[in-house]
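So the structure is just underneath, and the comments pick up after that.
The values are calculated or read from the model by the stated rules, or taken from the named source; none is laboratory data. Everything quoted here is computed from the prediction, not taken from an experiment. Cβ sites come from the backbone with ideal geometry, for glycine too, and all protein chains shown count toward neighbours. SASA here: full protein model, heavy atoms, side chains in, ligands and nucleic acids out. Shrake-Rupley method; radii C 1.70, N 1.55, O 1.52, S 1.80 Å.
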Amino acid sequence: MAVPKYHEMMLPLLRQIADGKRHAMGELAETLAVEFKLTPEDRKILLPTGGQYRFENRLGWARTYLKKAGLLESPDRGFVAITQRGLGYLKKKPPSIRPKDLMQFEEYRQFKKPNAEVNEVESTGSEVDETPQELIERNLAELRTNLASELLERIKQSSPQFFERLVVDLLVSMGYGGSRKDAGSAIGRSGDGGIDGIIKQDSLGLDVVYIQAKRWESTVGSPEVRTFVGSLAGVKAQRGVMLTTSSFSKEAEKYVEKIGERVILVDGNTLTNLMIEHGVGVSTIQTLAIKKIDNDFFIED
């Protein structure tokens, strides 16, 4: 079963604590996972940025909204208990609890007041299926996808020589080659038809990585990869990186898996995402910091 939406967890969560006792959120997570028939794989699904499990994130927001509505309380860190209001609400036997249902409580309306757009959506009955953090991460993922696409188009419009320099810039930013000057001087130095550049694997130059950069539109097949591997053998190289603005065929990927040389294939999608991650060809226009309570700060000796 897919991970339920946060509002789909609210009524089951409230029912689990209807006995009036204190319940640990960790235990409730296990109980609700069984109730929703979630598999271990479902439990391991991460948010887009990989910082938190989706199930735990949604359960945490379900708890937050119920607490803001006064239906449950947190008597201690990591624990929840139902309130008298919560017990009274359950006695009405609601079929579900949706965000619009919580708008009847003044505390919840005040909590939502700063965000007039969400407040209006919920009060009219429209559903907001994602938690605030999920909305942020989904939009960030979309922005990153669009940026990667634009990057790839710009790279394809550049010259082959510029692409080779870009590749070296990226590898230096990733920690290879030491200085840009040392790494850049290796471009085209070998004169080998299958090798476009050489870069140090580390700043001390204890080992080198041979590079081939293909600014292609068509898929790079196994013949091209075999030629590159043959070039590595010709110079007794142990490591190579082949990068392209397009993609590699399945046959090429399978071939690399079988050979003994350590050859890495980097397609256009991987290339642009590495550029974004290491700040090559992109600049930061805004930084967003999402903060949470530092529980250690509140520990009293």
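Which ones in region 149-165 are under 14 Å from Thr244 (Cβ atoms) and either at pLDDT below 85 or among the aromatic types (Phe, Trp, Tyr) (or both)?
Pro160, Phe163, Glu164 - these are the residues of region 149-165 that are under 14 Å from Thr244 (Cβ atoms) and either at pLDDT below 85 or among the aromatic types (Phe, Trp, Tyr) (or both).
Show the residue pairs that are 6+ apart or on different chains and have beta-carbon atoms under 6 Å apart, the first residue being within region 51-77 and in a loop (DSSP other than H, G, I, E, B), the second being at pLDDT below 95 and acidic (Asp, Glu).
That search, which allows pairs on different chains as well, returns Gly70/Glu107.
When you look at Lys292, is it closer than 30 Å to Arg77 by Cα and open to solvent by 40 Å² or more (accessible area, probe 1.4 Å), yes or no?
yes
Could you identify the single residue in Ile97, Ile82 that is under 32 Å from the mean Cα position of the chain (by Cα), open to solvent by less than 40 Å² (accessible area, probe 1.4 Å) and not polar (S, T, N, Q)?
Numbers: Ile82 fails: under 32 Å from the mean Cα position of the chain (by Cα).
Going through Ile97, Ile82 in turn, just one is under 32 Å from the mean Cα position of the chain (by Cα), open to solvent by less than 40 Å² (accessible area, probe 1.4 Å) and not polar (S, T, N, Q): Ile97.
Can you pull out every residue in region 215-271 that is exposed (fewer than 15 other Cβ atoms within 10 Å of the Cβ) and in contact (Cβ under 8 Å) with a residue 60 or more places away in the chain?
Glu217
Tally time: how many residues in region 13-39 are of a type outside the set (A, V, I, L, M) and in contact with a Phe, Trp or Tyr (Cβ under 7 Å, 6 or more places away or on another chain)? Working first, answer last.
Let us first name the residues in region 13-39 that are of a type outside the set (A, V, I, L, M), namely 15-16, 19-23, 26-27, 30-31, 35-37, 39.
So of that shortlist, the ones also in contact with a Phe, Trp or Tyr (Cβ under 7 Å, 6 or more places away or on another chain) come out as 22-23.
Total meeting the criteria: 2.
Just the residues that are of a type in the set (A, V, I, L, M), in a strand (DSSP E or B) and closer than 25 Å to Gly175 by Cβ, please, taken from region 204-240. Please lay out each step first, then the result.
Going residue by residue through region 204-240, those that are of a type in the set (A, V, I, L, M) are 204, 206, 208-209, 211, 213, 220, 225, 229, 232-233, 235, 237.
Adding the requirement that they be in a strand (DSSP E or B) leaves 208-209, 211, 213, 220.
Within region 204-240, Val208, Val209, Ile211, Ala213 qualify.
Would you point out the residue of region 191-202, among those that are at pLDDT below 70 and surrounded by 14 or more Cβ atoms within 10 Å (Cβ to Cβ), that is nearest to Gln238 (Cα to Cα)?
Gln201
Can you pull out every residue in region 30-50 that is of a type in the set (A, V, I, L, M) and either in a loop (DSSP other than H, G, I, E, B) or surrounded by fewer than 17 Cβ atoms within 10 Å (Cβ to Cβ) (or both)?
Taking region 30-50 and keeping what is of a type in the set (A, V, I, L, M), we get 32-34, 38, 45-47.
Those that are of a type in the set (A, V, I, L, M) and either in a loop (DSSP other than H, G, I, E, B) or surrounded by fewer than 17 Cβ atoms within 10 Å (Cβ to Cβ) (or both): Val34, Leu38, Ile45, Leu46, Leu47.
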